[in-house]
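Please treat every number below as a calculation from the coordinates, not as lab data. A quick note: this is a predicted structure, and the numbers were derived from the prediction, not measured. Neighbour counts are summed over all protein chains in view; Cβ atoms, including those assigned to glycine, are modelled from backbone coordinates with ideal geometry.
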Amino acid sequence: MTKLMIEGGLPAAQRKKLAQAVSEVFDADMPLVLELSVVSEEEIRALNAESRGVDAVTDVLSFPASDYRAGEPIRAAEHADCVEPVMGMRKGEWVQKGARLYLGSVAVCKKRAAEQAEEYGHSFAREMGYLIVHGALHCLGYDHMTEEDKRVMRLREEEIMEKLDLGREA
C-alpha cells in the first residue's frame, strides 16, 4: 500500500492516523502528499471568493493538484507535473532522496466545524475528521455532482470514518 502524508494543520499523530485510513482507498505508484490548513472564517471566505467566486464562509475547500479520477490508479507518469523531490542531508549536503506526488490541498474552517458538530449532535473530532476526509477524497477525484457519484463518495467517507473510529455515533 502506498503511503499518504498529510502536512500541516493538525498534530503529527492525528495526521498520521488520517493518512493511514485514507491510504486504504487508493492505489498509487509513489507516495502522495496532501497539504492541510485549518483556517479562520475570514480565510476560508477569501479562499472561497477567490477560487469559486462565492463570497461566503464554507466548511471545507479542496484544491486537487491534477485531474485524479476516483477509484482509478494514480500513476506518476500521468501526473508528472505534480511529482516533487524529497530532499535530505547526506554528508552535509542536500541531495534528492526520492520523490512524491503532490495530491493537492484542503482548507478546513475550524469555527464552521465546531458549529456543524453542535448542529449535527456529534463530536468536534468527528466533524473535523469528516471534513478532512471529504476534502482528501475530492483531491483523489471523488465528487458528489450526480447521485451515483454522491453514493460512491459517501460510501468511501463512511468506510474511512469507521477506520478512524469516528462513525456517526462519535
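In segment 2-36, whose amide N lies under 19 Å from the spot 7 Å out along Cα-to-Cβ of Leu155? List them in ranges. Correct set: 22-27.
Around the amide H of Glu7, modelled in the peptide plane, lie the amide H atoms of Leu34, Glu35, Leu36, all under 5 Å away and 5 or more residues distant in sequence or on another chain. In this rough spin-label picture, where each label sits 7 Å from Cα along the Cβ direction, the Ala12-Ala99 distance is 2.7 nm.
Contour minus end-to-end for Asp27 and Ala77, with contour as 0.36 nm per residue of separation and end-to-end as the Cα-Cα distance? Walk me through the numbers before you get to the answer.
On the way: separation 50, 0.36 × 50 = 18.00 nm, distance 1.40 nm.
Computed gain between Asp27 and Ala77 is 16.6 nm.
In the chain, helical runs assigned H by DSSP with n ≥ 4 each contribute -39500 (n - 2.57); averaged across all residues and rounded to the nearest 500, the mean residue ellipticity at 222 nm is -13000 deg cm²/dmol.
The orientation-averaged projected area of the convex hull spanned by the Cα atoms of segment 4-163 comes to 10.8 nm². Where the alpha-carbon atoms of segment 40-88 are placed on the principal axes, they occupy 37, 32, 15 Å, in descending order.
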